[in-house]
1. Express the carbon and sulfur contribution to the solvent-accessible surface of the range 90-140 as a percent, rounded to the nearest whole number, probe 1.4 angstrom.
2. Averaged per residue, what accessible area in Å² does the range 78-205 show with a 1.4 Å probe, protein chains only?
3. For the range 224-233, just list the computed ³J(HN,Hα) in residue order, Karplus coefficients 6.51, -1.76 and 1.60, θ = phi - 60°, integers in Hz, with x standing in for Gly and Pro.
4. Evaluate the range 65-111: find the radius of gyration of its Cα atoms, find its Kirkwood radius, and give the ratio Rg to Rh.
5. Give the value in nm², to one decimal: projected area of the alpha carbon convex hull of the range 107-163, averaged over all directions.
6. How much of F128 can a 1.4 Å solvent probe reach, expressed as accessible area in Å² and rounded to 10?
7. In whole Hz, what ³J(HN,Hα) sequence does the range 177-183 give by Karplus (6.51, -1.76, 1.60; θ = phi - 60°), x for Gly and Pro?
8. Report in % the part of the accessible area of the range 157-219 that belongs to carbon and sulfur, leaving out ligands and nucleic acids; probe 1.4 Å.
Amino acid sequence: MINFLQATIPFPSIDIGVGLAEGPGDVVASLQILLVLTVLTLAPAILILMTSFTRTVIVLSFIRNAVGTNQVPPNQVLIGLALFLTAFIMGPALSSVYTEAVLPYINGELGLEEMWEAGLAPVREFMFKHTREKDLEMFIVMQGGERPASPEDVDTFTLIPSFVISELKTAFQLGFVIFIPFLVIDMVVASTLMGMGMMMLPPVMISLPFKILLFVLVDGWHLIVRSLLASFS
(Lines give C-alpha, C1' and ligand atoms only; values in the text may rest on other atoms or scores of the structure.)
Protein backbone atom coordinates (compact mmCIF):
# COMPACT_ATOMS: atom_id res chain seq x y z
CA MET A 1 0.00 0.00 0.00
CA ILE A 2 2.84 2.38 0.88
CA ASN A 3 4.65 1.57 -2.38
CA PHE A 4 1.42 2.27 -4.31
CA LEU A 5 1.04 5.72 -2.69
CA GLN A 6 4.66 6.56 -3.37
CA ALA A 7 4.25 5.59 -7.00
CA THR A 8 1.05 7.53 -7.69
CA ILE A 9 1.16 10.60 -5.42
CA PRO A 10 4.00 13.09 -6.06
CA PHE A 11 5.35 14.61 -2.88
CA PRO A 12 6.87 18.09 -3.30
CA SER A 13 10.27 18.81 -1.88
CA ILE A 14 11.01 22.02 0.00
CA ASP A 15 14.44 23.58 -0.19
CA ILE A 16 15.31 26.69 1.83
CA GLY A 17 18.79 28.12 1.51
CA VAL A 18 20.87 31.26 1.50
CA GLY A 19 23.06 32.05 -1.48
CA LEU A 20 24.92 34.91 -3.06
CA ALA A 21 22.96 37.33 -5.21
CA GLU A 22 23.96 37.27 -8.85
CA GLY A 23 22.73 40.79 -9.58
CA PRO A 24 20.82 43.81 -8.28
CA GLY A 25 17.55 42.20 -9.31
CA ASP A 26 18.06 39.33 -6.87
CA VAL A 27 18.70 41.79 -4.04
CA VAL A 28 15.52 43.73 -4.82
CA ALA A 29 13.48 40.51 -4.95
CA SER A 30 14.90 39.41 -1.60
CA LEU A 31 14.04 42.76 -0.01
CA GLN A 32 10.50 42.56 -1.39
CA ILE A 33 10.06 39.08 0.07
CA LEU A 34 11.39 40.32 3.40
CA LEU A 35 8.94 43.23 3.35
CA VAL A 36 6.01 40.94 2.55
CA LEU A 37 6.94 38.61 5.42
CA THR A 38 7.18 41.60 7.75
CA VAL A 39 3.70 42.79 6.73
CA LEU A 40 2.32 39.27 7.26
CA THR A 41 3.88 39.21 10.73
CA LEU A 42 2.20 42.52 11.60
CA ALA A 43 -1.10 41.52 10.00
CA PRO A 44 -2.84 40.67 13.33
CA ALA A 45 -1.87 44.05 14.80
CA ILE A 46 -2.99 45.81 11.60
CA LEU A 47 -6.33 43.98 11.71
CA ILE A 48 -6.93 44.82 15.37
CA LEU A 49 -5.68 48.41 15.52
CA MET A 50 -6.39 49.87 12.09
CA THR A 51 -9.92 48.60 11.46
CA SER A 52 -13.29 48.50 13.18
CA PHE A 53 -12.37 45.26 14.98
CA THR A 54 -11.43 46.93 18.29
CA ARG A 55 -14.76 48.67 18.80
CA THR A 56 -16.73 45.67 17.59
CA VAL A 57 -15.14 43.02 19.79
CA ILE A 58 -15.24 45.24 22.90
CA VAL A 59 -18.94 45.99 22.46
CA LEU A 60 -19.73 42.31 21.94
CA SER A 61 -17.76 41.47 25.10
CA PHE A 62 -19.73 44.12 27.02
CA ILE A 63 -22.96 42.44 25.94
CA ARG A 64 -21.89 39.11 27.37
CA ASN A 65 -20.74 40.68 30.64
CA ALA A 66 -23.91 42.75 30.97
CA VAL A 67 -26.19 39.76 30.49
CA GLY A 68 -24.00 37.77 32.91
CA THR A 69 -23.79 34.56 30.87
CA ASN A 70 -20.05 34.16 31.55
CA GLN A 71 -18.69 32.19 28.56
CA VAL A 72 -21.88 32.16 26.47
CA PRO A 73 -21.45 32.96 23.61
CA PRO A 74 -17.89 31.55 23.71
CA ASN A 75 -14.88 33.64 22.75
CA GLN A 76 -14.57 31.89 19.40
CA VAL A 77 -18.08 32.94 18.42
CA LEU A 78 -17.61 36.55 19.52
CA ILE A 79 -14.26 36.91 17.74
CA GLY A 80 -15.62 35.21 14.61
CA LEU A 81 -18.63 37.53 14.55
CA ALA A 82 -16.37 40.53 15.15
CA LEU A 83 -14.16 39.46 12.23
CA PHE A 84 -17.08 39.14 9.81
CA LEU A 85 -18.58 42.44 10.98
CA THR A 86 -15.16 44.03 10.48
CA ALA A 87 -15.00 42.63 6.94
CA PHE A 88 -18.50 44.03 6.27
CA ILE A 89 -17.69 47.47 7.71
CA MET A 90 -14.28 47.68 6.03
CA GLY A 91 -15.60 46.36 2.72
CA PRO A 92 -15.48 49.68 0.80
CA ALA A 93 -11.98 50.46 2.10
CA LEU A 94 -10.67 46.97 1.33
CA SER A 95 -12.21 47.12 -2.12
CA SER A 96 -10.40 50.42 -2.76
CA VAL A 97 -7.13 48.90 -1.55
CA TYR A 98 -7.49 46.03 -4.00
CA THR A 99 -8.54 48.07 -7.03
CA GLU A 100 -6.19 51.02 -6.47
CA ALA A 101 -3.11 49.28 -5.07
CA VAL A 102 -2.98 45.49 -5.23
CA LEU A 103 -4.35 44.99 -8.74
CA PRO A 104 -2.18 47.69 -10.38
CA TYR A 105 0.87 46.26 -8.59
CA ILE A 106 0.11 42.76 -9.88
CA ASN A 107 -0.28 44.16 -13.40
CA GLY A 108 3.05 45.96 -13.09
CA GLU A 109 1.53 49.44 -13.22
CA LEU A 110 2.78 50.44 -9.76
CA GLY A 111 6.01 49.91 -7.92
CA LEU A 112 6.21 48.61 -4.38
CA GLU A 113 6.41 52.06 -2.78
CA GLU A 114 3.55 53.44 -4.89
CA MET A 115 1.48 50.35 -4.07
CA TRP A 116 2.06 50.88 -0.35
CA GLU A 117 1.00 54.54 -0.48
CA ALA A 118 -2.06 53.83 -2.63
CA GLY A 119 -3.17 50.95 -0.41
CA LEU A 120 -2.69 52.92 2.79
CA ALA A 121 -4.79 55.89 1.63
CA PRO A 122 -8.28 54.28 2.03
CA VAL A 123 -7.35 52.90 5.45
CA ARG A 124 -6.07 56.29 6.58
CA GLU A 125 -9.28 57.90 5.36
CA PHE A 126 -11.30 55.45 7.45
CA MET A 127 -9.18 56.11 10.53
CA PHE A 128 -9.38 59.88 10.11
CA LYS A 129 -13.16 59.65 9.91
CA HIS A 130 -13.39 57.93 13.30
CA THR A 131 -10.54 59.67 15.14
CA ARG A 132 -11.30 62.47 17.54
CA GLU A 133 -9.41 65.68 16.91
CA LYS A 134 -8.59 65.93 20.61
CA ASP A 135 -6.77 62.57 20.60
CA LEU A 136 -4.90 63.35 17.40
CA GLU A 137 -3.84 66.74 18.72
CA MET A 138 -2.50 65.15 21.92
CA PHE A 139 -0.13 62.83 20.05
CA ILE A 140 1.03 65.59 17.74
CA VAL A 141 1.82 67.85 20.70
CA MET A 142 3.59 65.06 22.58
CA GLN A 143 5.61 64.33 19.46
CA GLY A 144 6.74 67.95 19.39
CA GLY A 145 5.70 68.51 15.80
CA GLU A 146 3.97 71.42 14.18
CA ARG A 147 0.23 71.54 13.63
CA PRO A 148 -0.44 69.77 10.30
CA ALA A 149 -2.06 71.82 7.57
CA SER A 150 -3.91 68.84 6.07
CA PRO A 151 -4.59 65.17 6.89
CA GLU A 152 -1.84 64.17 4.45
CA ASP A 153 0.70 65.83 6.76
CA VAL A 154 -0.20 63.54 9.66
CA ASP A 155 2.15 60.61 10.06
CA THR A 156 0.52 57.18 10.02
CA PHE A 157 2.32 56.16 13.22
CA THR A 158 0.73 59.19 14.90
CA LEU A 159 -2.69 58.47 13.45
CA ILE A 160 -2.85 54.83 14.58
CA PRO A 161 -2.68 55.39 18.39
CA SER A 162 -5.04 58.34 18.08
CA PHE A 163 -7.52 56.15 16.25
CA VAL A 164 -7.16 53.34 18.81
CA ILE A 165 -7.91 55.44 21.89
CA SER A 166 -10.82 57.09 20.06
CA GLU A 167 -12.21 53.65 19.31
CA LEU A 168 -11.74 52.59 22.93
CA LYS A 169 -13.70 55.58 24.19
CA THR A 170 -16.53 55.01 21.72
CA ALA A 171 -16.66 51.31 22.60
CA PHE A 172 -16.87 52.08 26.34
CA GLN A 173 -19.61 54.64 25.72
CA LEU A 174 -21.65 52.01 23.87
CA GLY A 175 -20.88 49.51 26.62
CA PHE A 176 -22.19 51.90 29.27
CA VAL A 177 -25.48 52.27 27.42
CA ILE A 178 -25.72 48.48 27.09
CA PHE A 179 -25.21 47.94 30.83
CA ILE A 180 -27.96 50.31 32.02
CA PRO A 181 -31.09 48.13 31.47
CA PHE A 182 -29.40 45.02 32.86
CA LEU A 183 -28.16 46.98 35.87
CA VAL A 184 -31.74 48.08 36.58
CA ILE A 185 -32.87 44.44 36.54
CA ASP A 186 -30.07 43.48 38.97
CA MET A 187 -31.04 46.31 41.34
CA VAL A 188 -34.74 45.43 41.26
CA VAL A 189 -34.07 41.74 41.91
CA ALA A 190 -31.58 42.47 44.70
CA SER A 191 -33.98 44.92 46.39
CA THR A 192 -36.84 42.42 46.12
CA LEU A 193 -34.81 39.62 47.65
CA MET A 194 -33.66 41.84 50.50
CA GLY A 195 -37.23 42.94 51.16
CA MET A 196 -38.32 39.29 51.33
CA GLY A 197 -35.48 38.48 53.71
CA MET A 198 -33.86 36.02 51.30
CA MET A 199 -30.29 37.11 52.00
CA MET A 200 -28.67 33.76 51.22
CA LEU A 201 -30.10 33.46 47.70
CA PRO A 202 -27.69 34.92 45.11
CA PRO A 203 -29.46 37.67 43.14
CA VAL A 204 -27.62 36.61 39.98
CA MET A 205 -29.50 33.31 39.87
CA ILE A 206 -32.83 35.17 39.82
CA SER A 207 -31.87 38.10 37.60
CA LEU A 208 -30.12 36.04 34.90
CA PRO A 209 -33.31 34.52 33.38
CA PHE A 210 -34.99 37.92 33.38
CA LYS A 211 -32.01 39.54 31.65
CA ILE A 212 -31.93 36.80 29.02
CA LEU A 213 -35.68 37.16 28.53
CA LEU A 214 -35.37 40.92 28.11
CA PHE A 215 -32.51 40.51 25.64
CA VAL A 216 -34.51 38.02 23.57
CA LEU A 217 -37.75 40.03 23.62
CA VAL A 218 -36.11 43.20 22.35
CA ASP A 219 -34.12 41.22 19.74
CA GLY A 220 -30.88 42.32 21.36
CA TRP A 221 -28.39 40.98 18.84
CA HIS A 222 -30.20 42.76 16.02
CA LEU A 223 -30.23 46.04 17.93
CA ILE A 224 -26.58 45.80 18.97
CA VAL A 225 -25.29 44.91 15.51
CA ARG A 226 -27.41 47.62 13.90
CA SER A 227 -26.11 50.17 16.41
CA LEU A 228 -22.53 49.09 15.72
CA LEU A 229 -22.98 49.42 11.96
CA ALA A 230 -24.67 52.78 12.40
CA SER A 231 -21.80 54.04 14.56
CA PHE A 232 -19.44 53.57 11.59
CA SER A 233 -21.70 55.18 8.99
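1. 60
2. Value for the range 78-205: 65 Å² per residue.
3. 5, 5, 5, 5, 4, 5, 5, 5, 9, 7
4. 1.34
5. That works out to 4.4 nm².
6. In the full protein context, F128 sits at about 50 Å².
7. 5, 5, 6, 4, x, 6, 5
8. 84
The values are calculated or read from the model by the stated rules, or taken from the named source; none is laboratory data. This structure is a prediction, so every number in the text was calculated from the model and none was measured. Heads up, the Cβs are rebuilt from the backbone with ideal geometry, glycines too, and the neighbour counts pull from every protein chain shown. What goes into the accessible areas is simple: the full protein's heavy atoms, side chains included, and nothing from ligands, DNA or RNA. Shrake-Rupley method; radii C 1.70, N 1.55, O 1.52, S 1.80 Å.
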